[in-house]
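For reference, the structure discussed in these notes is given below.
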Amino acid sequence: MGDLIVGISSGAAYALMAVGVVLIFKCTRALSIAQGEIGAFGFFVALRWAARGIPVVGWHIPAFMTLVVAVLIAAGIALIAERFVMRPLVRRPPLDALIATLGIALFLALLELQVFGTATQYATSPVGNWKIVLFGATLVAPRVVALFVAAGVAGALYVFFKRSKFGLAVLATAGDPTVARVLGVPVNQVYRFAWVVGGALSGIAAALLAPAFGGLTPFGQTTYALRALSGAVIGGLDSVWGAIAGSLIVGVLESLVGAYVSAEARSVAVFAAVLLVLLVRPRGLLGETAAA
Amino acid sequence: MKLPRLDLTPQRIAGLVGVAVVVIAPLLPGVEGVQLSIFAGVIATAIAALSLDVLVGRTGQLSLAHAAFLGIGAFTTVNVGGRGAPWPVAILGGVAAAALAATIAGLPSLRIRGLQIAIVTLALQYATEQYAFKNQTITAASQSLDRPGFMGSDTALYFFACALLALTLIVRWRLGVTRAGRALLAVRDVEGRANAFGVEPGATKLLAYTISGALVGLGGALLAFKNAPGTLTSLDPFVLMRSLLLVAIVIVGGTGSGAGIIAAAFFIDGVPQIFESVGVPFTHVKLELGTYAPLLSALLLVVAIVLQPAGIGGVLQDRLERLRRRGQDPPSPRPRLVDLGAASDAAAHLRDVPRGLSLTMPVRALLEAKNVTVRYGGVNALSDVSLEVRRGEIVGLIGANGAGKSTFFNAASGFAPTTGSIRYRGIELLANSPARRTSYGLARTFQDMGLVRAETVTENLLLSQTWLAKYPSAAGLLALGSTVRAEADLRRRAAVALELFGLDHLAGERLGDLPYGTMRIVEIAAAVAAGPDLLLLDEATAGLGPEEAHALGDRFLALRDELGLTLVVIEHHVPLIARVCDYCYCLESGVLISEGTPAKVTADPKVVESFLGRAAAASGGGKP
């Protein structure tokens, strides 16, 4: 039971990234593998500012502000990436977009390596150091917050898609960008929206995952993005709810395999799960189409 | 004996210069053993990137696990060789292990053609890192691989590496010129139709993963011997970051370009190791090239994919091509007028192919359709259609848009869910796969082109003959004698078919660069090259001018009279139907409404009404 709870809390953190992946995929047909590194870069900078002060000004930002700064920087990176890299690729084969996000991830990670070094950055929790005990499982603050934020994001997206006009525009763009454009949907705004929200979620995920999982390393967050991507594929790449469900499955699977088999076997279990789902049900558990 | 004149194209000159540089490199002053060892490592990276390119270029799929495959190959080599196996066995072990791992990663491609498969490889990369490479039993910490005597010095190792690189390039080249490579392109671009050429999509896709894995295994084996004696001390070449860098090398180098990828590998992997820091002349500034090169390569990757997706290789190819064509006018993109008599004589043997059907029973009708119905959901695209095509006739199939003409072709060639009966030389077709029907002697064209636009005209004609290339793919890669002969024969057939359609001057052009009408004629030539008895042509004259359509009509008659082919043509061009067809059927909304001689059918009031509406038919308003 305790492992289950821990697994769900990890899954919730992965889900933050997975929702970004699906949102970007639905809107722009680009499968982004940069969702780990975009947030990681933001949080790297935030941690540096907390420790050494903002350059020129010299203000040391308090711990809780690192989350905000990480989100802002991540969203900013996503905004730039969308405008100058991803948008020119919208009409190109989807493989090109995937490779471009790979390039973005590689660039950010290598930049982190250059600026912050190879050593693991100790990450202070932006949401305090309290913990709760639930069914024998000790959950540190970032994990609890990740659970609530993930639930909140899911709820917000539900309302957004059901109730708002822009939500409808997003769905229309996802359905058929050309028709949506003809019907007067501001398609470029939808693309920008998807990337900025995806980037912001990536920032939250980094700021909550790194403190709970023992620090931040270049490429480290990409290995968590890998779980989010696996979750999104398992749940169905075109379904927000599928991404959340898939991420929770990945989190729980890892937690249980880690507890009952071995820590090393977790990654193998995730690989086997993705392979199995794609062989048995290629469109994912809740997905509608297999095409990417 | 006259020596064959060497055709010194700029491409070949560039290639020779490249080989010369490689051979002379170790003799240059200032090059030491250590640097040669670094070069060997760079070559291993180049081999890995070249193998990744097989996958990216030929299947449109991305692998993010090639660094892991490289490691699997390397550690297997250490494990096998370290236990006393001779070096060729050790290398084969590494190749086999990497090929197996890659094939497993490719399994989902049997079910889907999405980018999700890239995520499988990403998960595999991480799992291999976490599970295998951190396990000291697997990483052979206790094993020690020794270099065989001939690889003793660093110079020898370097030449051994060059030999493996050459082997990789040869396999890539053979893949391009044999059935396996063409089948891959067909599956990538026209998967749903590849069957008609005799291509088996599932096996073909897995083959790409297997070949790519085997080649990267070769690179792994090289790394193992580079670090011998001993085992591999560093995991750096096998981690996720390296997988991403390999993708960067392929894209910056340019997919499909061996030279471009080798150059990119040298820049991205070699330069940082060889020149750790470079002093800028006349200043005291030292450029930390070693540290910034990877960062620069990531930036190059993003820039390349946005601005120059063809990479270094693409730019190079472009330049060389322009150099080759300097002073020459580009060939006219239209079919030439040819002496049909002579060309048909040359093409007469095209139908001498081994049929998948031993039966030679004389039947009156070559193709006999009875009560053919095709249903899509609740719609009957074709209902209860019965018609026959007699041997040696040109049969026209007319009807307004949506009448079910193409659906009938789909039913006959195996691309539509069909009930009823379609017999070909007395054999029921519906139970047979599209590939089998091709081997019986059926060939068709598609209304919207079923060929690979990114390839040359000749390549497409070879592709359509895949069912005739019966040799195993592996034998083709190794260039065994019989496969070389078989390929030469296919090329001869392709040339003859091109000649017949007046396309020989366009043999080397990229199909997608030609005008639409010409592309359609290329498709007919490809169908004819496959050596059919019955040819189904879907709107052959679309995109052609009046004279060209007329010339095509002459070719239809030549195909019937000189080659003895039977044709079914879907046409909107009524004068052509009247001129060439022996018999004619008219469909409307999936139902056969008229049949007979072209004159009779085009005068039938029901047909006129179907084309022009009731009022026109009532007032006798002209022919459709």
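No lab work stands behind these numbers, since they all come straight from the coordinates. Please read all numbers here as calculations on a predicted model, not as lab measurements. When we count neighbours, we look across all protein chains shown, and the Cβ atoms used for this are built from the backbone with ideal geometry, even at glycine.
Taking other Cβ atoms within 10 Å as a rough exposure proxy, B:Tyr424, B:Tyr440, B:Tyr126 sort from fewest to most as B:Tyr440, B:Tyr424, B:Tyr126.
Relative to the compact-globule estimate of 2.2 N^0.38 Å, the Cα radius of gyration of the protein assembly as shown comes out at 1.06. Take each residue of peptide A:33-40, count the partner chain Cβ atoms within 10 Å of its Cβ, and average: the result is 1. Comparing mean-square fluctuations of A:Ala210, A:Ala172, A:Ala245 from a GNM of chain A with C-alpha springs under 10 Å, the top value falls on A:Ala172.
Given a cut-off of 29 Å, name the pairs among A:Lys26/B:Lys205; B:Lys370/B:Lys606; B:Lys370/B:Lys470; B:Lys370/B:Lys600 whose C-alpha atoms lie farther apart than that in the structure shown.
Details: A:Lys26/B:Lys205 27 Å; B:Lys370/B:Lys606 22 Å; B:Lys370/B:Lys470 33 Å; B:Lys370/B:Lys600 23 Å.
Beyond 29 Å: B:Lys370/B:Lys470.
Approximating the spin labels as points 7 Å out from Cα along Cα→Cβ, the B:Ala85-to-B:Leu295 distance works out to 4.3 nm.
Within the shell of other residues whose beta carbon sits under 14 angstrom from the beta carbon of B:Leu337, the net charge comes to -3, with Lys and Arg scored +1 and Asp and Glu -1.
Using the Cβ-Cβ distance between B:Asp489 and B:Ala454 with R0 = 35 Å, the FRET efficiency computed as 1/(1 + (r/R0)^6) comes to roughly 0.90. Toward the positive end of the charge dipole of chain B, with +1 on the Cβ of Lys and Arg and -1 on the Cβ of Asp and Glu, the farthest Cα among B:Ala101, B:Asn371, B:Leu301 is that of B:Ala101.
Across the residues of A:77-87, average count of Cβ atoms on other protein chains within 10 Å? Walk me through the intermediate numbers first.
Numbers: counts 0, 0, 0, 0, 1, 0, 0, 2, 4, 1, 1.
Across A:77-87, the average partner-chain Cβ count within 10 Å equals 1.
When peptides A:260-269, A:213-222, A:32-41, B:179-188 are sorted by average Cβ neighbour count within 10 Å, with the highest value leading, the order is A:32-41, B:179-188, A:213-222, A:260-269. Of all DSSP beta bridges confined to the protein assembly as shown, the antiparallel ones make up roughly 65%.
For the range A:2-280, count the residues as N, evaluate 2.2 N^0.38 Å, and divide the Cα radius of gyration by that value, please. Write out the running numbers ahead of the final one.
Numbers: Rg = 18.3 Å, N = 279, 2.2 N^0.38 = 18.7 Å.
Relative to the 2.2 N^0.38 Å estimate, the range A:2-280 comes out at 0.98.
Bridgeable aspartates and glutamates around A:Lys162 (alpha carbons under 19 Å apart, same-chain partners fewer than 8 residues away excluded): A:Asp176, A:Asp238, A:Glu288.
When you restrict to C-alpha pairs under 8 Å that are six or more residues apart and normalise by the size of the range B:346-618, the relative contact order lands at 27 percent. Ignoring aspartates and glutamates fewer than eight residues from A:Lys131 along the same chain, the ones with Cα atoms less than 18 angstrom from its Cα are A:Asp3. Roughly how far apart, in whole Å, are the Cα centres of the range A:137-156 and the range B:454-531? Cα centres, the range A:137-156 to the range B:454-531: 60 Å. Amide H to amide H, with H built 1.01 Å from N, A:Leu134 comes under 5 Å of A:Leu139, counting only residues 5 or more places away or on other chains.
Each of A:Ala119 and B:Ser144 was given a label point 7 Å from its Cα along the Cα-to-Cβ line. The distance between the two points is 3.6 nm. By the beta-carbon count within 10 Å of each Cβ, the least crowded to most crowded order of B:Cys581, B:Cys162, fewest first, is B:Cys162, B:Cys581.
Its relative contact order, with pairs defined as Cα atoms under 8 Å and 6+ residues apart, puts chain B at 15 percent. Looking at the range B:186-272, which chymotrypsin sites (Phe, Trp or Tyr not before Pro) are in a loop (DSSP not H, G, I, E or B) and have at most 12 other Cβ atoms within 10 Å? Answer by residue number: there is no such site.
The mean number of Cβ atoms from other chains found within 10 Å of a Cβ in peptide A:226-236 is 3, as a whole number.
What net charge is computed for the residues neighbouring B:Phe75, neighbours being all others with C-beta under 13 Å from the C-beta of B:Phe75, Lys and Arg scored +1, Asp and Glu -1? Present the calculation step by step, with values, prior to reporting the outcome.
Values: positive: B:Arg83, B:Lys134; negative: B:Glu129.
Charge balance near B:Phe75 sits at +1.
Over the range A:49-106, what is the relative contact order in whole percent, taking alpha-carbon pairs under 8 Å and six or more residues apart? Computed over the range A:49-106, the figure is 17 percent.
Given a Förster radius of 35 Å and the C-beta distance between B:Asp329 and B:Lys370 as r, what FRET efficiency does 1/(1 + (r/R0)^6) yield to the nearest 0.05?
Working: r = 54 Å, r/R0 = 1.55.
Calculated transfer efficiency: 0.05.
If I stretch the segment between B:Ala166 and B:Glu200 completely, what's the gain in nm (0.36 nm per residue apart, minus their alpha carbon distance), one decimal?
Values: separation 34, 0.36 × 34 = 12.24 nm, distance 2.95 nm.
Gain on extension, B:Ala166 to B:Glu200, equals 9.3 nm.
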